[in-house]
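First comes the structure, then the notes that go with it.
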């Protein structure tokens with residue numbers, strides 16, 4: 001289906017599977033810079049995911065108190081990834097980073113079922129933000145390496161993702177710890 005989003009820098013008329021499809025869609029524009037906003041509740045695995053995308057060591061990660069910025073080269077694209085802390089006291093500042101976002105990545109701890117309602121509320125609020133309207137959303141159902149992890153399909157159903165009509169979205173199972181589902185998303 002076609003989504004009309006005139007203010008978006010990216011075409012939203014295509015369905016994508018992870019970052020790979022986004023990059024393939026943009027491949028017609030060499031040396032393209034892509035601004036990616038990485039959000040989610042605290043302890044969801046955002047920084048671990050970012051370090052996996054950048055092929056960096058993940059053995060010593062501490063909670064993000066402010067933000068991390070990484071530039072990752074992939075298939076001729078410069079991915080500028082903004083990883084913003086997810087603690088409750090930091091979330092009001094998320095909106096300071098919305099402008100000029102090309103892709104929103106929202107990370108969910110699939111094993112922390114007690115926080116599904118909270119993460120769903122935060123995601124719903126993000127999807128209502130005017131500065132993020134029509135921005136494609138990639139939702140990583142993280143921590144799939146844990147036995148208690150809910151499958152991505154269950155999370156999608158619980159968060160009513162099927163009701164999202166104003167943008168392209170995709171949910172992808174992953175484990176930022178093992179790299180499963182992460183590296184495949186941008187190769």
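Taken together, the values in this text are just the output of simple stated rules run on the coordinates, not laboratory data. Nothing here was measured: the structure is a model prediction, and the numbers come from that model. When we count neighbours, we look across all protein chains shown, and the Cβ atoms used for this are built from the backbone with ideal geometry, even at glycine.
Computed from the C-alpha gyration tensor, the three semi-axes of the ellipsoid equivalent to the range 64-145 are 21, 17, 14 Å, from longest to shortest. On a per residue basis, the convex hull of the C-alpha atoms belonging to the range 99-187 measures out at 93 Å³. Over the C-alpha trace of the range 105-148, radius of gyration and Dmax come out as 11.9, 37 angstrom.
Measuring nothing but how far apart in sequence close Cα pairs (under 8 Å, 6+ apart) lie, relative to its length, the range 18-186 scores a relative contact order of 28 percent. Exposure proxy ranking for 59, 71, based on other Cβ atoms within 10 angstrom of each Cβ and starting from the fewest, stands as 59, 71. Each 5 Å bin from 0 upward holds the following percent of the Cα-Cα pairs of the range 18-186: 2, 9, 19, 23, 23, 16, 7, 1, 0. The calculated Kirkwood hydrodynamic radius for the range 31-97 is 12.4 Å, given to one decimal from all distinct C-alpha pairs.
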